[in-house]
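Reviewing the structure listed below.
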Amino acid sequence: QVQLVESGGGLVQAGGSLRLSCAASGLTFSSYTMGWFRAAPGKEREFVAAISWSGTSTNYADSVKGRFTIVRDNGKNTVNLQMNSLKPEDTATYYCAARNRVRSFSAFATAPLSDYYWGQGTQVTVSS
C-alpha cells in the first residue's frame, strides 16, 4: 500500500525557518512527481510546490516563490520542503502528494485531488 508520511511541522516565529520531510513507501518513488499542498483552517487545499521525478524541474506557488525550496532524494524515497522567511499566512496543514509522472508535470498544481496519493498532513503554525 502506498504511504506518504510527513514530518517536521511545528510552531515558529515569523521570519523563521522550518523543514518538512515526506517519506514514501509502497511505490516506485522515481515514477512519481512529488509535491506539497497546504490547507489553512476552513480553506481549500492549495498548491505549494512540486518537483519532477528526476528533480530537474520545480514549480512553486507565487505566494512561496523565493522563500520555499523543494528537493527530493530518490535514493531515500523522500521529498523535503525547506521553508524560509515564514509568514503567519503560511500557517496551515501541509500535505505531501504524489502523482504519476506519466501525467503532465505542468498539471500537478491543478489536477483533481483523486489523482494524487496523499499523506496525512503535518501542522505548521507561524506566530507573529
For this session: With respect to Asn59, determine if the residue is surrounded by 14 or more Cβ atoms within 10 Å (Cβ to Cβ) and more than 19 Å from Ala107 (Cα to Cα).
Result: no
Exercise. Which condition number in (1) surrounded by 14 or more Cβ atoms within 10 Å (Cβ to Cβ); (2) within 18 Å of Thr28 (Cβ to Cβ) is the one that Arg45 fails?
Worked result: (2)
Exercise. What pairs come up if the first residue lies in the range 106-126 and is in contact (Cβ under 8 Å) with a residue 40 or more places away in the chain and under 30 Å from Gln13 (Cβ atoms), the second is open to solvent by 70 Å² or more (accessible area, probe 1.4 Å) and part of a loop (DSSP other than H, G, I, E, B), and their beta carbons are under 8 Å apart, counting only those six or more places apart or on different chains?
Worked result: Val126/Lys87
Exercise. In the range 96-122, what residues are open to solvent by less than 60 Å² (accessible area, probe 1.4 Å), assigned to a strand (DSSP E or B) and within 16 Å of Cys22 (Cα to Cα)?
Worked result: Cys96, Ala97, Ala98, Arg99, Thr122
Seminar exercise, completed: Of Thr93, Thr33, the only residue that is hydroxyl-bearing (Ser, Thr, Tyr), touching a residue at least 24 places away in the same chain (Cβ under 8 Å), open to solvent by 10 Å² or more (accessible area, probe 1.4 Å) and closer than 19 Å to Gln3 by Cβ is Thr93
Seminar exercise, completed: If we ask which residues in the range 69-90 are in contact (Cβ under 8 Å) with a residue 24 or more places away in the chain, in contact with a strand residue (DSSP E or B) (Cβ under 6 Å, 6 or more places away or on another chain) and not basic (Lys, Arg), their number turns out to be 11
Problem set entry | Counted residues, the range 1-20 - those being assigned to a strand (DSSP E or B) and either open to solvent by 40 Å² or more (accessible area, probe 1.4 Å) or free of Cβ contacts under 8 Å to residues at least 60 places away in the same chain (or both) | 6
Problem set entry | Per-region count, the range 52-62, residues within 21 Å of Ser31 (Cβ to Cβ) and touching a Phe, Trp or Tyr at 6+ places or on another chain (Cβ under 9 Å) | 4
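The values are calculated or read from the model by the stated rules, or taken from the named source; none is laboratory data. No experiment lies behind these values; they were computed from the predicted model shown. Glycine gets a Cβ as well: all are built from the backbone with ideal geometry, and neighbour counts include every protein chain shown. For the accessible areas, the whole protein counts, side chains as well, though only heavy atoms, and no ligand, DNA or RNA atoms are used. Shrake-Rupley method; radii C 1.70, N 1.55, O 1.52, S 1.80 Å.
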